[in-house]
1. Take the Cβ-Cβ distance between residue 18 and residue 113 as r, set R0 to 25 Å, and report the resulting FRET efficiency rounded to the nearest 0.05.
2. Consider a paramagnetic label point 7 Å from the Cα of residue 66 along Cα→Cβ; state which residues of the stretch 18-42 have an amide N under 11 Å from it.
3. Using packing as a proxy for protection, rank 99-111, 43-55, 23-35 so that the peptide with the highest average count of other Cβ atoms within 10 Å comes first.
4. Relative contact order (percent) for the stretch 12-70, with alpha-carbon contacts under 8 angstrom and 6 or more residues of separation?
5. Semi-axes of the equivalent ellipsoid for the stretch 47-108, please: Cα gyration tensor eigenvalues, times 5, square-rooted, ordered largest first, whole Å.
6. Over the chain, what is the mean sequence separation of C-alpha contacts under 8 Å (at least six apart), divided by residue count, expressed as relative contact order in percent?
């Protein structure tokens, strides 16, 4: 007879952050990298940056990151987002099990020329 496996745990939601650069309606060049900065009251487990053309891999939530040159196509309606996520490995769950809580904030339009 099979029984239900039950595990419990909790993961804290990261606080909402504010993208400080780029700003809505900023015009940026497609010829260089794009510096992205954000403020938050406490660091989360990890963060990543995304645009309509590109997504970073997980990085430390240090309040800044970069979209490398060549990954930001000409676009009059680009979106730049930052996702921050907390992770917990709950006791009692199978090895490798992870619980996540994340928050994403985006800025648009950003004009890429």
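Any read-out appearing in this document is the output of simple, stated calculations on the displayed coordinates, not a laboratory observation. Keep in mind the model is a prediction, meaning the values are calculated, not measured. Neighbour counts run over all protein chains shown; Cβ positions are idealised from the backbone, glycine included.
1. With R0 = 25 Å, the Cβ-Cβ based efficiency is 0.50.
2. Only 33-36 fall inside the zone, counting backbone N under 11 Å.
3. Numbers: 99-111: 15.8, 43-55: 18.0, 23-35: 13.5.
Result, highest mean Cβ count within 10 Å first: 43-55, 99-111, 23-35.
4. On the way: 88 pairs, mean separation 22.0, N = 59.
Relative contact order here is 37 percent.
5. Those come to 30, 11, 10 Å.
6. Working: 266 pairs, mean separation 40.0, N = 113.
The normalised contact order for the chain reaches 35 percent.
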